[in-house]
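Enquirer: Okay, here's the structure, questions in a sec.
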Amino acid sequence: MKRVLRFLIYLYPAWWRRRYGRELETLLEDSGSRWRDVWDLFRGAMEMRMQMSRWSFVRIVIVCGIAGLVLSCVGALSMSIPYRYRSTAILKIEPAFDTDALNRVVHAAFTPQALSEIIRQEHLYGEAPIDGSIDRLRRAILIKPAGSNLAQVSFAHENPVQAQRVSQDLIGRIISANVNPSVNPNGLRIEFDAPPGPPKRQFEGKRLSLVGLGLPTGMLFGVVLALILRRRRARTAS
Amino acid sequence: MSDPTLLVLASLAEGDKHGYAMMEDIELFAGVRLGPGTLYGAITRLEERGWIGPVKTRDERRQPYRITAAGQEHLAEQLASLNRVVKTGLSRLKQA
């Protein structure tokens, strides 16, 4: 308890601690510790900090202003990132989900030629170079097990209609590739369990992280500026 | 009367005191226990206004304070004002 109260003295401004800190510490020793003193000291420290000189007031206004500016810029930037929609289909795999076998089928189905065909048909990534677009398309495809004999195949895109259409196309290509005996020597059966559903808006982790980044960036900026101003003040005073 | 600055001035009107002595005295005559943050907040403000001042002492840890002439004047004004309020209130209560 005494440690907490002593720590609270450090919340007072340095000039105040130099003048009254020792006295206050002695008072705390003499009067004994009470929990209600924690709030009293905290409030006292905040009141002392609010008694600002003109310079420090200006400094705080500038620091807050810049922090706010950075925050709003980051917020605006994050809002300009388009939403992405993911359309998901379910494949039934008989006799059971087999990662290696499914990987072979997917590898045969998603050749660079097949993917570039999808990109051109759907005009997925505008005028971007085809190699980069193929990588982008591969990253937007997600295949994962959804049960002992089910697999989830999904595709994400900024346009929900295209997301559903491409997802449908991808599923069709997987099923077609599976018919080829050289790709599927074990006779794995793959068929639709559920067609691509209505696309769902993805959790925008990027958006949130950008907004979250704004606060520490603004604060860091504020700290640097406050240090510069403090140094300038010290020079002026000397 | 719960204004900490007035309580501190009233306490020092009796004689020089350090923080803990003021705290004890105020609790005794006003029935109010000032927290350490409130007490030193009041001391800071009173010293800034020139209404109290530190008394030279060898014990730096227990710094006594003394009410100044300006402080006495301010206390007298405030108490007179309070006195008027008390008298008016009491007479109105009697009439009611």
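Enquirer: Amide H to amide H, which residues 5 or more places from B:TYR65 or on other chains are under 5 Å from it, using H placed in the peptide plane?
Expert: B:LYS17, B:HIS18, B:VAL55
Enquirer: In the neighborhood of B:ARG45, defined by Cβ-to-Cβ distances under 11 Å, what is the net charge if each Lys or Arg adds +1 and each Asp or Glu adds -1?
Expert: It works out to a net charge of -3.
Enquirer: What is the distance in Å between the Cα centres of segment A:95-130 and segment B:78-94?
Expert: Cα centres, segment A:95-130 to segment B:78-94: 91 Å.
Enquirer: Same structure, new question: Please state, to two decimals, what the Cα-based radius of gyration of the protein assembly as shown comes to when divided by 2.2 N^0.38 Å (N = residues).
Expert: It is 1.87.
Enquirer: From the Cα gyration tensor of segment A:85-201, with a ≥ b ≥ c the square roots of its eigenvalues, which class applies: rounded if a/c is under 1.5, or else prolate if a/b is larger than b/c, or else oblate?
Expert: oblate
Enquirer: Follow-up. What's the exposure ranking of A:ARG49, A:ARG86, B:ARG58, A:ARG3, going from fewest to most Cβ atoms within 10 Å?
Expert: Ranked by crowding around the Cβ, least crowded first: B:ARG58, A:ARG3, A:ARG49, A:ARG86.
Enquirer: Return the calculated 222 nm mean residue ellipticity for the protein assembly as shown, to the nearest 500 deg cm²/dmol, obtained by summing -39500 (n - 2.57) across DSSP H runs with n ≥ 4 and dividing by the residue count.
Expert: -20500 deg cm²/dmol
Enquirer: Same structure again: What is the dipole size for the protein assembly as shown, taken about its Cα centre, with +1 at each Lys and Arg Cβ and -1 at each Asp and Glu Cβ, in debye to the nearest 20?
Expert: 980
Enquirer: Something else: Can you work out the FRET efficiency for the pair A:ALA14 and A:GLN121, with r the C-beta to C-beta distance and R0 = 56 Å, to the nearest 0.05?
Expert: 0.25
Enquirer: Using a basic spin-label model with each label point 7 Å from the Cα along Cα→Cβ, how many nm lie between A:TRP39 and B:ALA80?
Expert: Label at A:TRP39, label at B:ALA80, 3.8 nm between them.
FYI, it's all coordinate maths here, none of it is from the lab. Since the model is a prediction, treat every value here as computed from it, not as a measurement. Reconstructed Cβ throughout: ideal geometry from the backbone, glycine too, with neighbour counts over all protein chains shown.
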